[in-house]
Amino acid sequence: MAFMEKPPAGKVLLDDTVPLTAAVEASQSLQSHTEYIIRVQRGISAENSWQIVRRYSDFDLLNNSLQITGLSLPLPPKKLIGNMDREFIAERQRGLQNYLNVIMANHVLSNCELLKKFLDPNNYSANYTEIALQQVSMFFRSEPKWEVVEPLKDIGWRIRKKYFLMKIKNQPKERLVLSWADLGPDKYLSDKDFQCLIKLLPSCVHPYIYRVTFATASESSALLIRTFNEKGTLKDLIYKAKPKDPFLKKYCNPKKTQGLELQQIKTYGRQILEVLKFLHDKGFPYGHLHAANVMLDGNTCRLLDLENSLLGLPSFYRSYFTQFRKINTLESVDVHCFGHLLYEMTYGRPPDSVPVDSFPPASSLAVVAVLESTLSCEACKNGMPTVSRLLQMPLFSDVLLTTSEKPQFKIPTKLKEALRIAKECIEKRLTEEQKQIHQHRRLTRAQSHHGSEEERKRRKILARKKSKRSAVENSEEQPVKHSNSNNSGSGASSPLTSPSSPTPPSTAEHAPL
């Protein structure tokens, strides 16, 4: 049922995970206030940049909105007197730049809607909650048994995916959650195949996949309904968070976090790896593993959001694995993301940076061995192990899983082929992006090296040596020429040659490298 309109032709499907960078380039003083001119860039291409103008009050408004995180962000303080002085404005400009740098260095904040709207109003001006509510309301006109209880505001990190608490009218005590999501840049399925696969999701039965109660799609988005779990996700357990709270409040600066016990790590890790292997064997692309996509049901983990790959949505950790050219398949993406998840389960927090140079002490050396195989410098450089290889590692190989539920997920052959082609397209876009980032990094390093003080000194020394060598060669050439001129009147009929004359420097030596 096409309950939503198809997106306009030529609509740009932005990858919201591509990092934005911002440089406060200049300031201009008007009669009563100062405006700051900011150059914003998406990704590595300087051509994909634009200017915005912001007042201090705009920064203050952004900062107030980010107070939900509980973070102490370094916004320069207000000043009522002398705030138009040149020195003060220059100092404030540096302070605002530092403020933006701190926000953009935080993985959660850099992806949040508040920052995107501040830096890129042209692409993020829409009210996505209102759009989702309109589309959901259109759907319920023909499905009157469902009823929206309330929006679950900002419980997820995605800008274009919204959630609503639901109920069935004749079962008012049962709580459900509806998710609505727009298309992403990796949607390569045809409209028909996309809608068929979305509608197949409720038929997927697996002990470690969270069941979908209802699913439908149009050419532009998808709507799914699941049972609402009061206990929340694995990330809620680790961060001691309430499931209904906003994502920024829950996870950006948690007051209490706690790593899991070793047996929990072993059991949950084994369950997650088993379901990843099941999906890979089925040819179903995933690529969206993180702690908030793992629902807890007693002592059982169940994977969420299988629809994300069908919608073409980018991964939560995409800005990490695009830096490493060996993480170039969806299986290697899942394995790398599993490393992030295992780190959070072990230490109660995400790693400060990736790759990880050294790991803190853990409850078992077997845990560190898996982390090293997925997050270390060597692993990121040389490639990820397979899911099957992780299952054979000592941390998980002795875990006994007891479940009577038989996995079932029948995908028609035609749709399997469509999934295979879509998976290859997703991996191709990833590979191309990694190649561009790698080339940009090499060029930046070369330019930095060429412009360094040490390199300039080296070039000066080489130039002086070359100049001295040329002078010596010229002085040796003069006596030879004088000797040749004395012999020119000897009456010899053949021209004289001078095999001992110095050979001119090869032009190849001076060819640009």
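Taking amide hydrogens as placed 1.01 Å from N in the peptide plane, the amide H of residue 327 sits under 5 Å from that of no residue at least 5 positions away in sequence or on another chain.
How far is helix 453-487 tilted off the main Cα axis of the chain, in degrees rounded to 10, range 0 to 90? Compared with the principal axis, the helix lies near 30 degrees.
Per residue, the Cα convex hull of the chain amounts to 269 Å³. The angle between the Cα long axis of helix 365-375 and the longest principal axis of the Cα atoms of the chain comes to about 60 degrees, rounded to the nearest 10. Taking only the Cα atoms of the range 187-344, the ratio Rg/Rh comes out at 0.95, with Rh defined as the Kirkwood radius. Taking only the C-alpha atoms of the range 20-119, the Rg (one decimal) and the largest Cα-Cα distance, Dmax (whole number), read 13.6, 41 Å. Here the accessible area is traced with a 1.4 Å probe on the protein chains. For the range 187-260, carbon and sulfur cover 51 percent of it. Taken about its Cα centre, the range 20-119 carries a charge dipole of about 80 debye when Lys and Arg each add +1 at the Cβ and Asp and Glu each add -1 at the Cβ. The residues 30, 365, sorted by heavy-atom accessible surface at 1.4 Å with ligands and nucleic acids left out, run 365, 30 from largest to smallest. Across 5 Å bins from 0, what is the distribution of all Cα-Cα pair distances for the range 376-424, in whole percents? All Cα pairs, binned at 5 Å, distribute as 4, 14, 10, 13, 18, 17, 16, 8, 0 percent. Heavy-atom accessible area, probed at 1.4 angstrom with all protein chains present, ranks 397, 221 as 397, 221, highest first. Note on residue 393: accessible area is roughly 20 Å² with a 1.4 Å probe, heavy atoms of protein only.
For the range 386-432, the list of GluC sites (Glu not before Pro) that fall in a loop by DSSP and count at most 14 other C-beta atoms within 10 angstrom reads 405. Loop-located GluC sites (Glu not before Pro) across the range 114-215 with a Cβ neighbour count of 10 or fewer within 10 Å are lacking, with loop assigned by DSSP. Taking every DSSP helix (H) stretch of at least 4 residues in the chain, weighting each as -39,500 (n - 2.57) and dividing the sum by the residue count yields a mean residue ellipticity at 222 nm of -13500 deg cm²/dmol. If the convex hull of the alpha-carbon atoms of the range 285-427 is projected onto planes in all directions, what is the mean projected area in square nanometres? Across all orientations, the range 285-427 yields a mean hull projection of 9.7 nm².
For residue 137, the solvent-accessible surface with a 1.4 Å probe is about 60 Å², rounded to the nearest 10. For the chain, a simple Cβ point-charge model (Lys and Arg +1, Asp and Glu -1, everything else neutral) yields a dipole of about 200 debye relative to the Cα centre. With a 1.4 Å probe rolled over the protein heavy atoms of all chains, the accessible area of 266, 457 falls in the order 457, 266, largest first. Counting only alpha carbon atoms, the long axis of helix 191-200 and the longest principal axis of the chain meet at about 50°. In the chain, taking the dipole from charged Cβ atoms about the Cα centre, the farthest positive-side position among 98, 309, 259 is held by 259.
Its relative contact order, with pairs defined as Cα atoms under 8 Å and 6+ residues apart, puts the chain at 13 percent.
Relative contact order of the range 20-119: what whole-number percent is it, with Cα pairs under 8 angstrom and at least 6 residues apart? Dividing the mean separation by the residue count of the range 20-119 yields 27 percent.
The residue among 40, 373, 149 whose Cα reaches farthest toward the positive pole of the charge dipole of the chain, with charges on the beta-carbon of Lys, Arg, Asp and Glu, is 149. On a per residue basis, the range 131-178 carries 53 Å² of accessible surface, using protein heavy atoms and a 1.4 Å probe. Against the empirical curve 2.2 N^0.38 Å, the C-alpha radius of gyration of the range 279-364 lands at a ratio of 1.15.
Computed over protein heavy atoms with a 1.4 Å probe, the carbon and sulfur contribution to the accessible area of the range 43-108 reaches 51%. The relative contact order of the range 222-291, computed from alpha carbon pairs under 8 Å that lie at least 6 residues apart in sequence, is 24 percent.
Note on residue 128: accessible area approximately 20 square angstrom, rounded to 10, probe 1.4 Å, nucleic acids and ligands left out.
The values are calculated or read from the model by the stated rules, or taken from the named source; none is laboratory data. Here the structure is a predicted model, which is why all the values come from computation and not from measurement. Neighbour counts are summed over all protein chains in view; Cβ atoms, including those assigned to glycine, are modelled from backbone coordinates with ideal geometry. Ligands, DNA and RNA are excluded from the accessible area calculation, which covers all protein heavy atoms including side chains. Shrake-Rupley method; radii C 1.70, N 1.55, O 1.52, S 1.80 Å.
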